[in-house]
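A short worksheet on the structure shown next.
The values are calculated or read from the model by the stated rules, or taken from the named source; none is laboratory data. Since the structure is predicted, the reported quantities are computational estimates derived from the model, not experimental observations. Reconstructed Cβ throughout: ideal geometry from the backbone, glycine too, with neighbour counts over all protein chains shown. Heavy atoms of the whole protein, side chains included, go into the accessibility calculation; ligands, DNA and RNA do not. Shrake-Rupley method; radii C 1.70, N 1.55, O 1.52, S 1.80 Å.
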Amino acid sequence: MQIIIKEYEKSDQEQLKELIDLSFEEEGLLNILKKFRFKFAYSAFSEDKLVSVVFGWVSSLHPYCTYFKVLCNSSYVRDNVIEKLLNKVESLETIDFPLQTSIWETSINLKKIYEKSEFKEIRRTYMPTLQVSDFKEGAFRFSEKDYILKTLAEVSLNNELVEKLVLLVKRNYEETHKVNPVVTAGLEEWRILVFSDDIIAKGSYVFLNPDENDILAYSFLHESDDDNSYELGWCGSSSSEYQGIIPNLTLQHIKYADNHNRKAIIGEFDTTDSSAMEVLKTFPFAPSPTWITYQKK
């Protein structure tokens, strides 16, 4: 069966929507193509049927690699259509390596193809849900320390603490993303990232030292697209000594969610982030498929 590869055109959009549904991907991917934010985009056709696409873009936060996404009708995987699209991408002179993409661990065909094409797994991301009603506080033991608990709303009133918090978040984020470095940005740009529009300042927490002049640990809570849920954000500590107290902050999130009639908390935990993994291993999150990130230099 002959496969024809050509540059993506706007007229491919309707068939692309069907391909997104078949691939169990979010329709938000269309925005990259609709708004011409892509660096490249190619369509693969069998006769007049769109059977696969590949498109790539550069992230403003992580500009040192080229992100890409492949979508394919599983009925055509045996025709090596994905390999042909990957070869096309790798032949482009305008590509900034490394190439990076993410797939669900259940995407067995893509997993085999990427590994055969010498893509290396750089991390796994768990995105499970914790049902608030399933959590029984008395069943878990938490560190009993004489630290000062503050909400992000309270911390935001102290400029010195805000600066220390933002610098700490910046340091920890850069440390956990060495394999895909973050853009060089100043304190004000990082402050905007920390105090994002969807953050819940009264439901995000930090631990201060007894003198209340240093940040020991932090954990952020965010609004969710699901009205019944909240989402966990960045967490971290000033040193490994305080990493074990981060779950105590997560406990505060659970109490906050319960008090605001939210049924669930959604997590996102990278294997490259030991602080996040500390939370994942502490609480009874429901099992879920893993998101695998691959990279090729």
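Summing charges over neighbours of Asp48, with a neighbour being any other residue whose Cβ is under 14 Å away from its Cβ, gives -3 when K and R count +1 and D and E count -1.
Which residues in the stretch 266-297 place their backbone N less than 16 Å from a point set 7 Å from the Cα of Val179 along the Cα-to-Cβ direction? Answer for the stretch 266-297: 269-277, 290-297. Plainly put, the chain has a radius of gyration that is 1.02 times its Kirkwood radius, both from alpha-carbon atoms, as the Rg/Rh ratio. A convex hull fitted to the Cα coordinates of the stretch 1-136 yields 151 cubic angstrom per residue.
For the stretch 68-130, what does the accessible surface come to per residue with a 1.4 Å probe? Please give it in Å². Intermediate values should be presented prior to the final figure.
Details: 3290 Å² over 63 residues.
It amounts to 52 Å² per residue over the stretch 68-130.
Per-residue surface analysis assigns Trp57 an accessible area of about 50 Å², computed on protein heavy atoms at 1.4 Å probe radius.
Counting helices only, and only those DSSP H runs with n ≥ 4, report the 222 nm mean residue ellipticity of the chain as the sum of -39,500 (n - 2.57) divided by its residues, in deg cm²/dmol to the nearest 500. Provide the component values of the computation, followed by the final result.
On the way: 9 runs with 87 residues, N = 297.
Result for the chain, helices only: -8500 deg cm²/dmol.
Here the ratio of the Cα radius of gyration of the stretch 148-297 to 2.2 N^0.38 Å is 1.03. Checking every one of the GluC sites (Glu not before Pro) in the stretch 1-56 against DSSP loop status and a limit of 16 other Cβ atoms within 10 Å picks out Glu9, Glu25, Glu26, Glu47. Solvent-accessible area of the stretch 151-199 (1.4 angstrom probe, protein heavy atoms only): carbon and sulfur portion equals 53 percent.
The candidates Asp225, Asp214, arranged from most to least accessible area with a 1.4 Å probe in the full protein assembly, appear as Asp225, Asp214.
May I ask you to rank Leu86, Leu167 by accessible area, largest first, using a 1.4 Å probe over the protein chains only?
On the way: Leu86 5, Leu167 85 Å².
Output order, biggest surface exposure first: Leu167, Leu86.
Whole angstrom only: what separates the Cα centroid of the stretch 270-295 from the Cα centroid of the stretch 73-143? Value for the Cα centre distance between the two parts: 14 Å. A cut-off of 5 Å between modelled amide H atoms, ignoring neighbours fewer than 5 places along the same chain, links Tyr8 with Ala41, Tyr42, Ser43. Applying a length cut-off of 18 Å (Cα extent along the axis) and a mean Kyte-Doolittle floor of -0.5 to the DSSP H helices of the chain leaves 159-176, 246-259.
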